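The values are calculated or read from the model by the stated rules, or taken from the named source; none is laboratory data. Please read these numbers as outputs of a predicted model, since none were measured by experiment. Here the Cβ positions follow ideal geometry from the backbone for every residue, glycine too, while neighbour counts run over all protein chains shown.
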Amino acid sequence: MAAGRHGRGPVLKIVLLESPLETVPAKLWRHPQVQRSTRRYGIEPSEMLLDKTLHYHAMEALPQKWKRGRPDIVHTTLLLLQDSLLNHAGRLRLYIHVYDGRVFAINPETRLPKHYERFRGLMAQLLRHGRVPPEGEKPLIALEAPSLTEFVKKHGKLILLDEKGKPSTSAQVVRLALQTGKPIGIGMFPRGEFKKSTQRKAWIMLSLAKGRPLKAWTIAYRVTAAAEDALNLAW
């Protein structure tokens, strides 16, 4: 099994794939919805996270708009993962793959804001500066790889959870991840399919619900609960 960084035993790696995290694209800066939201928060469009709740009509012309502008999915999933016994025991490593392709690592000791608007501000800062905070020796979140290609070179190809994958159970997925040290990939987009470029990074594609789509946070819960059982963790 893959050794933990702090000598605590095997760790589970989870990467949140194709996360809908991006700052407002330049071509939308003059849209009335974007202008209203920037005045409301007192920031420039380049400093604001694209959010469907605020920018629904502005997003109409964007390609693949159904996969974009949903930071709330990432926020909910991260809060669940960070509050897991697996994370509290130091046995979880989290990575975020964002819209522009970069992959960021979250320091295991980081506690992300529970307030959604604070989370949006933090993610916008991350996208602009490549780390949070922008300066200092020990970032809370930092660039792990400039692309998913480089990430898998470093960590191994993905155990990709996809509704079209081979039927499996959470316990089987976790056992495979712990034995090989390969990251488990969970999609963060509200609907649609993984990009072909993401699928090509898969070592294996597995489904947890016999082809039925599941919410990202539901998958995250099932995987972490199975890992806690596999590692005999208890409160």
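Restricting to the stretch 119-143, name every residue that is in contact with a helix residue (DSSP H, G or I) (Cβ under 6 Å, 6 or more places away or on another chain) and assigned to a strand (DSSP E or B).
Once the filter is applied, which keeps residues that are in contact with a helix residue (DSSP H, G or I) (Cβ under 6 Å, 6 or more places away or on another chain) and assigned to a strand (DSSP E or B), the stretch 119-143 yields VAL132, ILE141.
Within the stretch 183-191, does at least one residue satisfy the condition of being hydrophobic (A, V, I, L, M, F, W, C) and modelled with pLDDT under 95?
Looking through the stretch 183-191, at least one residue is hydrophobic (A, V, I, L, M, F, W, C) and modelled with pLDDT under 95.
Restricting attention to the stretch 194-216, which residues are loosely packed, with under 15 Cβ neighbours inside 10 Å and among the charged types (D, E, K, R)?
Of everything in the stretch 194-216, those that are loosely packed, with under 15 Cβ neighbours inside 10 Å and among the charged types (D, E, K, R) turn out to be LYS196, ARG200, LYS210, ARG212, LYS215.
Can you find even one residue in the stretch 163-180 that is under 12 Å from LEU17 (Cβ atoms) and of a type in the set (Gly, Ala, Ser)?
Looking through the stretch 163-180, none of the residues is under 12 Å from LEU17 (Cβ atoms) and of a type in the set (Gly, Ala, Ser).
Mind listing whichever residues of the stretch 183-227 are closer than 24 Å to TYR99 by Cβ and in a strand (DSSP E or B)?
Hits for the stretch 183-227 are ILE184, GLY185, ILE186, GLY187, ALA202, TRP203, MET205.
For the stretch 130-143, give me each residue that is closer than 22 Å to ILE73 by Cα and either touching a Gly at 6+ places or on another chain (Cβ under 9 Å) or surrounded by fewer than 20 Cβ atoms within 10 Å (Cβ to Cβ) (or both).
GLY130, ARG131, LEU140, ALA142, LEU143 - these are the residues of the stretch 130-143 that are closer than 22 Å to ILE73 by Cα and either touching a Gly at 6+ places or on another chain (Cβ under 9 Å) or surrounded by fewer than 20 Cβ atoms within 10 Å (Cβ to Cβ) (or both).
Search the stretch 144-168 for residues being in a strand (DSSP E or B) and either loosely packed, with under 15 Cβ neighbours inside 10 Å or among the hydroxyl-bearing types (Ser, Thr, Tyr) (or both), and hand back the single one that is modelled with the lowest pLDDT.
If we take residues in the stretch 144-168 being in a strand (DSSP E or B) and either loosely packed, with under 15 Cβ neighbours inside 10 Å or among the hydroxyl-bearing types (Ser, Thr, Tyr) (or both), then LYS164 is modelled with the lowest pLDDT.
So is GLY90 within 18 Å of THR23 (Cβ to Cβ) and part of a loop (DSSP other than H, G, I, E, B) or not?
no
Please go through (1) at pLDDT 95 or above; (2) closer than 16 Å to ARG131 by Cα for PRO108 and return the number of the only condition it doesn't satisfy.
With respect to (1) at pLDDT 95 or above; (2) closer than 16 Å to ARG131 by Cα, PRO108 is out only on (1).
Condition check: within 22 Å of THR76 (Cβ to Cβ), in contact with a Phe, Trp or Tyr (Cβ under 6 Å, 6 or more places away or on another chain), of a type in the set (Lys, Arg) and surrounded by fewer than 15 Cβ atoms within 10 Å (Cβ to Cβ). Does ARG191 satisfy that?
yes
From the list ALA124, ALA105, ALA89, which residue is within 27 Å of ALA226 (Cα to Cα), in contact (Cβ under 8 Å) with a residue 40 or more places away in the chain and not β-branched (Val, Ile, Thr)?
Of ALA124, ALA105, ALA89, the one residue that is within 27 Å of ALA226 (Cα to Cα), in contact (Cβ under 8 Å) with a residue 40 or more places away in the chain and not β-branched (Val, Ile, Thr) is ALA89.
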